[in-house]
Amino acid sequence: MKKLNSSHIGNIFYTDLKAKIKKKFFLGDILSKYRKEKKFLLQLLNKLLKREYILPVLNRINIETTSICNLKCGFCAYDKRDLNSHPRTTMSRELFQRSITEASKLGYKRIGLTPTTGDAFMDKGFIEKLEVIEADDIIDSCYFYTNFIPCSESQIESLFSFKKFFLLAISIYGNDEESFCKFTKGNSVGYKKLVSNLNFLSNLLDSKKLHFEIRINQRCKEGFYLSENNNELSRAIKNLAKKDKVAISHTYTHIYDNWGGKVSQEDVKDFGVDLKEGHFRKMGPCTMIFSRLNIGANGTVNACHVRDADYTLKIGNIKEKSLKEILSSKNEKYLEIINAHKSGNLPKVCKSCDVYSSIYEYPGRSDYVFAKTYSDQSINFKEFSAMIDQRKKEIEMKNNV
Ligand code: SF4
């Protein structure tokens, strides 16, 4: 982190100018179509050349400390989840400790604490869970997303004491009080708390040195430009971002995805946002089933943390089996999902998913963004199979002894 972050607020005038030019000349749709076609052709080429890029498998696993959120955003799957398939609950400290121990034994180094849905601060024991990570000898880093509303000032301040914490991603829904309330089905109390927490963090940075990144991701109405706006939320964001031009970044968008088919135009009508419809043409397995695994708040292990809010890709539960066994070729259910992806007969959620990422696509810089401190290497399918076969062998050897 040496030079001005390219998404820093200092670049906002140019970011907005680019967005306005794209809008005026309808370039957004043309560029998006061009990029999709190019992507597809490159994937096809890689497939023919047998080049596979599974994102580094052991760099990250996700643990859902809670599946509960304080907001009910229209463009999120949270409020539309099948609660019979995955309940609203919070992970106990004991189960969290077990998850960390088993993940670190398998060699995982980094923990994502907010997979899929749920806000970390809705877990009243969240800070104690950060202490569990801090005390582990193998896990070396963690990060999480939050809407930054259900946290107290003392919780915000305590983040500065966790050395393994490397990224605070703040998701802001709306660009003013009206759009916040409309998007989130929230109220002005939540909106004011958000502004107040942003200002608190901003003031804190006058006396505390940041050792972690802050990424502010704002979801806005189309036609909103931060560079031209000065309401209390915009001021709070700009003030915070000014405190560190390297470690703090800001992005905003009015474009949303369909959450694996769970969100439709009807859910966002009158929001003034665009739902990105129409799926990418899909080519081969999605890398997420290998390298973006998730342990849910009730112990369910799911083969994707990204968009499967109903946990339809569940492959076991760590209350019943070890993580090692669940993530080994001993697990028929996991093999079934992998084979479905390999054969092109994708599970329902994957068929509709807009976030699909082919193993035939050479990963861009942003795919490594959460793993940039490691000497990362994508692996191919053969190497992945060898890894899960080895786990199976070790389990069977142990059982035979
Ligand atoms: S296609 Fe979507 S839901 Fe399926 S594994 Fe990939 S990211 Fe997850």
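The values are calculated or read from the model by the stated rules, or taken from the named source; none is laboratory data. What you see is a predicted model, and the numbers here were worked out from it, not measured in a lab. Neighbour counts are summed over all protein chains in view; Cβ atoms, including those assigned to glycine, are modelled from backbone coordinates with ideal geometry.
Here are the numbers for this structure:
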| read-out | value |
| --- | --- |
| Count - residues of region 233-256 that are within 23 Å of the chain's Cα centre (by Cα) and either hydroxyl-bearing (Ser, Thr, Tyr) or buried (at least 16 other Cβ atoms within 10 Å of the Cβ) (or both) | 12 |
| Selected residue (criterion: farthest from residue 58 (Cα to Cα)) from residues of region 71-104 that are free of Cβ contacts under 8 Å to residues at least 40 places away in the same chain and among the small types (Gly, Ala, Ser) | 92 |
| Test for residue 343: is it within 15 Å of the ligand (Cβ to nearest atom) and either on the phi > 0 side of the Ramachandran plot or without any contact (Cβ under 8 Å) to a residue 12 or more places away in the chain (or both) | yes |
| Qualifying residue in region 30-39 (condition: modelled with pLDDT of 75 or more and in contact with a helix residue (DSSP H, G or I) (Cβ under 6 Å, 6 or more places away or on another chain)) | no |
| Matching residues, region 25-53, being farther than 28 Å from residue 253 by Cα and not in a helix (DSSP H, G or I) | 49, 50, 51, 52, 53 |
| Hits in region 315-330 (condition: part of a loop (DSSP other than H, G, I, E, B) and without any contact (Cβ under 8 Å) to a residue 40 or more places away in the chain) | 320, 321 |
| Selection within region 184-216 - crowded, with 19+ Cβ neighbours inside 10 Å and free of Cβ contacts under 8 Å to residues at least 24 places away in the same chain | none |
| Enumeration of residues in region 57-70 that are touching a strand residue (DSSP E or B) at 6+ places or on another chain (Cβ under 8 Å) and surrounded by fewer than 22 Cβ atoms within 10 Å (Cβ to Cβ) | 59, 68 |
| Identity of the residue in region 136-175, of a type in the set (Val, Ile, Thr) and under 26 Å from residue 229 (Cβ atoms), that ends up surrounded by the most Cβ atoms within 10 Å (Cβ to Cβ) | 149 |
| Among the candidates 351, 333, residue that is closer than 29 Å to residue 46 by Cβ, within 16 Å of the ligand (Cβ to nearest atom) and modelled with pLDDT under 95 | 351 |
| Given (1) assigned to a loop (DSSP other than H, G, I, E, B); (2) within 19 Å of the chain's Cα centre (by Cα); (3) surrounded by 20 or more Cβ atoms within 10 Å (Cβ to Cβ), number of the condition residue 312 does not satisfy | (3) |
